[in-house]
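Following: one structure in structure tokens, then a few remarks.
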Amino acid sequence: MSLANRDLITIEDFSNQEIEAVFALADEMSGSLSQQSDVCRGMIMASLFFEPSTRTRLSFEVAMNRLGGRVISVVEMSNTSLAKGESIADMARVVGSYADIIVIRHPWEGAAKVVADYAGVPVINAGDGGHEHPTQTLCDLYTLKKERRTLEGLKIALWGDLKYGRTVHSLAYALARFGATIHFRPSPGFEMPEHVIRKLTAEYAGILERFNGVEDADEKGLFPLDAMYITPSGPHQLANIPAVGIQIELEKGVDALYVTRLQKERLDTAAERQELEKNHRVVDRKLLRKKGFEETIVMHPLPRVDELAYEIDADPRSMYFKQAERGVPIRMALIALLLGAKELDIPAAKGPSFARKRDYHVYKRDTGLRCRNRECVTNQETETRYIKPEFEIVSNDPLTLRCAYCEHEIHPQYIASSKWHQGIAENKRYYYADSFMLGRIQQENLIIFDSEDEALARGFKLGKKSHKE
Amino acid sequence: MSLANRDLITIEDFSNQEIEAVFALADEMSGSLSQQSDVCRGMIMASLFFEPSTRTRLSFEVAMNRLGGRVISVVEMSNTSLAKGESIADMARVVGSYADIIVIRHPWEGAAKVVADYAGVPVINAGDGGHEHPTQTLCDLYTLKKERRTLEGLKIALWGDLKYGRTVHSLAYALARFGATIHFRPSPGFEMPEHVIRKLTAEYAGILERFNGVEDADEKGLFPLDAMYITPSGPHQLANIPAVGIQIELEKGVDALYVTRLQKERLDTAAERQELEKNHRVVDRKLLRKKGFEETIVMHPLPRVDELAYEIDADPRSMYFKQAERGVPIRMALIALLLGAKELDIPAAKGPSFARKRDYHVYKRDTGLRCRNRECVTNQETETRYIKPEFEIVSNDPLTLRCAYCEHEIHPQYIASSKWHQGIAENKRYYYADSFMLGRIQQENLIIFDSEDEALARGFKLGKKSHKE
Amino acid sequence: MSLANRDLITIEDFSNQEIEAVFALADEMSGSLSQQSDVCRGMIMASLFFEPSTRTRLSFEVAMNRLGGRVISVVEMSNTSLAKGESIADMARVVGSYADIIVIRHPWEGAAKVVADYAGVPVINAGDGGHEHPTQTLCDLYTLKKERRTLEGLKIALWGDLKYGRTVHSLAYALARFGATIHFRPSPGFEMPEHVIRKLTAEYAGILERFNGVEDADEKGLFPLDAMYITPSGPHQLANIPAVGIQIELEKGVDALYVTRLQKERLDTAAERQELEKNHRVVDRKLLRKKGFEETIVMHPLPRVDELAYEIDADPRSMYFKQAERGVPIRMALIALLLGAKELDIPAAKGPSFARKRDYHVYKRDTGLRCRNRECVTNQETETRYIKPEFEIVSNDPLTLRCAYCEHEIHPQYIASSKWHQGIAENKRYYYADSFMLGRIQQENLIIFDSEDEALARGFKLGKKSHKE
């Protein structure tokens, strides 16, 4: 299996088998990190960090250095390249002509995809705003695999900030693909966003059970179980089971408790922050003594603030420093594979594949439709000169388009067909997107508008049968 | 030919033959960039960027890494070394004792020369304020040579901002040396400065023709041809030819269109900026379809903003990304030669040499004369402790001194002779610089004052015959 | 002798013999700096500079590169890791799992010790606030040794800012250990702090003589001799000698004049700064012509501002640039030894050892005692979560505790014994620290309070016999 010349922009870019290939090579290298210095000799990695990051940047740079390659770095807090008005595409082309591989962190969501589109060399996304951070997910999965021998059928509790942490969203998708059961234990107010839930259930072959107040979590010092995601082939088929069944299930414990830092800086008001302090839970010695946690490993993407007590650092179940340490062999394996410096024989996948649905229709027409995410790369002044918005139509009910760059979703209001009005201007009609007309227009003929003005400007008039009956 | 231990501060530091040597080595290395890792093994390059620059810094660092050498970097936006009051000379000595070669970018004009004066190792100027950026010029010339097979006798149009872009001034001098014809096509208000014109005509063996309104450029969507510089041996001897001759000449087209970003940030008023918008010309598909551009390559030092349309990026005549890419082999060759890691046999130059006149008298007396350029390194508080101002007397009519550091020119008002007053205080007289006395004083005896106060303070009285008759 | 896996946090971490070992290896490497590239091949140094430093960082990075190792760098002016609330300990653990050795500069005093406590790999302190900068001291000593053949029995004048310069304090301790005589010649208002004097006399086997107005220094353009530190075995036993003896001693001159930059930025008022200007002394050609300076080498840790005239740069006695240059072989030797890449046979020390007293009782009880130095790492919000304050009891008269992290001293007011009240709450008494009770309590039973509130909160009542009689 070769991963040469591939990019890693989202964790979904790699199949389960490819992820396992990275792990196999990381295993092979782990024992002899300082003896790998011939693997990428003569090759150069550009490490472009347009947002501060010490840990991720250093682990990538250590990885390339251990492989014998060389590193050129950009560590810029100020917007120097933007100040001169240069686009990401131009920067990507130039750096792509200097280096053999690019690692990029950028504050704009979707920026890594743009770099990959233009660089002409393999690109690794080291975090693009709130969008994705796939190598963190690789490190998370690798630690699970190392500690639990397998990734299939694990039970993982996601704990704390499930709302703002990008790492926890990517991890949830990845766990789903490997057939895991996921317990959602959010800090109140930090629940998993609906679009993540929808993606999990609509695109991966799993089901979601919601549990409100099922257990007296507060008394136990735990966050209450908010929901549970179960992949169908898993042994824990709980659909419609009574509360008592869940209770038993819960008492069996989880394989891992994945803790995240509450991103307090995202909260607007002091009141919100106070509420947060009130509901604050620290993972400490006391919590780890509870029933069901005997074998549970504790993970965290770091940096921690005060959600993990220092007193558990020496506990053999605490895996967060090992998780960070394993970032080096994982990134070494990844870089070596993408550069084609290593190839691997991997046996065919055993068991079911839970790969996500990927056959959405892509909408590219220039009808004024724009992503509504202000942090999306497609909405930045320097980038609009050359990026054409592009969307996947992920649902018809309601009409939902997902930005091909930042994956935020929009719900446009108006539709039309490119076929019906051919030649006859009188027939140029547009309709409400929630009318039955949506079902009658073939996706390849679909025209979508964000506003009536856009439709009128293109010569369309409102059609008769409008709202859904 | 050895370039070992030489510096590259301005493009004029290298002869045409030496430039060709760099190109020959770049050619040799181009095909095997990643097989050069033994050339500079064990050597260290200090990459000191006291001003932001992603592209130039990265290409130098890639170059040294591809040669197998190592890089230490300073990427400082804040004035840390200045904050403690350290001089450039001290910094240069210390870094020169650490590293084998220094690459420096600094906001002060002439700073690179100071580094070269004190470092004790080869120094490459990677941009010293608005003064020089010679390796950009090397890349420009190299692309011209690669695309046109030769540098001799080319026709090049300089387009856009000919006023503020330092790269375009250095390029003009270099083109003159290689016997090129240069078309000046400035955006209105961005004409080539007079001192550049003067240097071109006075120091290189060429002539300048000015053309106002010769062609109805506006109608064609071009900037009007402002002037043309022709080297005497060139085939395009146009002196005093009628407009019709130029018209024919123009229709033959140019070898390259060298486009530059308008440095709008240099304009003071909104009115100026509006005027600029009005006169805005984009190099786009439409322009490249015009007669005379069929074979014209499009060059740009990057970053671009909106003066080059993205739609021409894929056009085979667009060379700007190749130009950037070639920065790596050029800088590899340059570093290897200055470090003495490579030497080259270069046949003697064929054809005429257009090297600039270099035998000006140097004025070093401590008579209070100072460069008037506020950005000049000689005017910085930390540097005045040890730098003595130094000038070349480049003209007598009017008396013109060029700063040996930043090359800005000054026109002092008063002169005297060190000979006439020997022993007899009564004879200490000073004169107006525009009087006939200037011609009577031998340059080695010349004393120059900036003000009457300076003259009086040194015991001189105003002589009788003062102004030019 | 192996220094593998050792840390260098303060100069006192190394014995005289170990310091000589570093010098021996530096000597061995000096002649062939660029032939050492196999020594640390495959090893990685993390260069973490959380405070600006060009010179020190570059010399460490050059050193590791010359050894064939690789470098990953953090050069951060902004408090990025703090912004997310990460502790130094967590950072140290993670980076320690990436790299083979860590070099750290940090604004908090004692930070390097914390890194060493948690990193699990060798740590070199490259400056922790105003606390220590031991590799500068190594370079200073090395230059002395190279220029004077030996370190034993030298006479060194410390000149200028003896108050704020951390390098000069470390140097004084180190000189004391090697049996030097030290002349203190501070700029008025920049005298050596009392705690440094006390440490020199109390912990190293030497004596201090104070001389006020002994010589008419002002007339000679020198700073007056403030005091002299003499190690007992030295040939200059001056205790109680009359002024005339000193005069003769002075005229013999010193081996080195160690000049420091006045840290004007530490002065609060314009008046203070003016006073400083008035007393300003420049080490210049004139001063070096004076009797007694014929053989004196001039040293300076750099950067200089205006305390050393540029005119003496070419003087063969000026050693400051050589001092900087020697930073590279010294740091190469140090890194190679700490990484275990080199070991050395060193004969046993000859002559007396002046190693400092190191057997203080360590006070670790959690009785609310805190270091009063606001810059101490133990007082930073992110660090209090896991660092327990720790002190050495360095004196009983008055009771003086030295912070184990930043070495600042505190004088707590109240004491008690952990023994006397066993079982009987009535007997829980606390006393004034300056009462005779201090002598009656064994150090292992000593309880120390910062305030009466702290004592009362722990159930103690004030005992009868309180103040010293």
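Structure above, values below:
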{"quantity": "Spacing of the two label points (7 Å from each Cα toward its C-beta) at A:LYS290 and A:ILE346, in nm", "calculated": "3.6 nm"}
{"quantity": "Label distances, nm, B:ARG273 versus same residue in remaining copies, Cβ-directed 7 Å point", "calculated": "3.6, 3.6"}
{"quantity": "At R0 = 45 Å, FRET efficiency that the Cβ-Cβ distance of A:VAL362 and B:GLU251 yields, to 0.05", "calculated": "0.45"}
{"quantity": "Residue order, fewest to most surrounding Cβ atoms within 10 angstrom, among B:ARG365, B:ARG105, B:ARG185, C:ARG210", "calculated": "C:ARG210, B:ARG365, B:ARG185, B:ARG105"}
{"quantity": "Shape call, region C:136-324: gyration tensor on alpha carbons, a/c limit 1.5", "calculated": "rounded"}
{"quantity": "Solitary cysteines of chain B, where the nearest other Cys Cβ is not under 4.7 Å", "calculated": "B:CYS40, B:CYS139"}
{"quantity": "Peptide ranges B:399-409, B:60-70, B:271-281, A:280-290 listed from the most packed, as the mean C-beta count within 10 angstrom indicates", "calculated": "B:60-70, B:399-409, A:280-290, B:271-281"}
{"quantity": "Using a 7 Å Cα-to-Cβ projection, B:GLU294 label spacings across copies, nm, ascending", "calculated": "8.7, 8.7"}
{"quantity": "Kirkwood-type radius of the protein assembly as shown, with distances r between different C-alpha atoms, in Å", "calculated": "36.6 Å"}
{"quantity": "Local net charge near A:ALA270, Cβ-Cβ under 15 Å (Lys/Arg +1, Asp/Glu -1)", "calculated": "-1"}
{"quantity": "Label-to-label distance, nm, for residues given as C:ARG266 and B:ALA4 (7 Å Cα→Cβ offset)", "calculated": "4.8 nm"}
{"quantity": "Which of A:GLU249, B:GLU294 has the fewest Cβ neighbours within 10 Å, and the rest in rising order", "calculated": "B:GLU294, A:GLU249"}
{"quantity": "Under-5 Å amide H pairs with B:ILE124, H placed in peptide plane, nonlocal only", "calculated": "B:LEU8, B:ILE102, B:VAL103, B:ILE104"}
{"quantity": "Label distances, nm, C:GLU219 versus same residue in remaining copies, Cβ-directed 7 Å point", "calculated": "9.4, 9.4"}
{"quantity": "Cut-off under 5 Å, modelled amide H: who pairs with C:LEU462 long-range", "calculated": "C:TYR430"}
{"quantity": "Cα-projected label distance for A:TYR386 with C:GLN274, points at 7 Å along beta-carbon direction, nm", "calculated": "6.1 nm"}
{"quantity": "Computed E for C:GLU311/B:ARG317 - FRET, C-beta separation, R0 60 angstrom, nearest 0.05", "calculated": "0.55"}
{"quantity": "For B:HIS361, residues with placed amide H under 5 Å, excluding near neighbours", "calculated": "B:ILE393"}
{"quantity": "C:LEU456, B:LEU141 arranged by Cβ crowding within 10 Å, fewest neighbours leading", "calculated": "C:LEU456, B:LEU141"}
{"quantity": "Relative contact order of chain A, defined on C-alpha pairs under 8 angstrom at six or more residues apart (%)", "calculated": "16 percent"}
{"quantity": "Alpha-carbon centroid distance for the pair region A:248-276 / region A:386-447, whole angstrom", "calculated": "38 Å"}
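Every number in this text was worked out from the coordinates using simple rules, so none of it is lab data. Worth saying up front: this structure is predicted, and the values here are computed from it rather than measured. Heads up, the Cβs are rebuilt from the backbone with ideal geometry, glycines too, and the neighbour counts pull from every protein chain shown.
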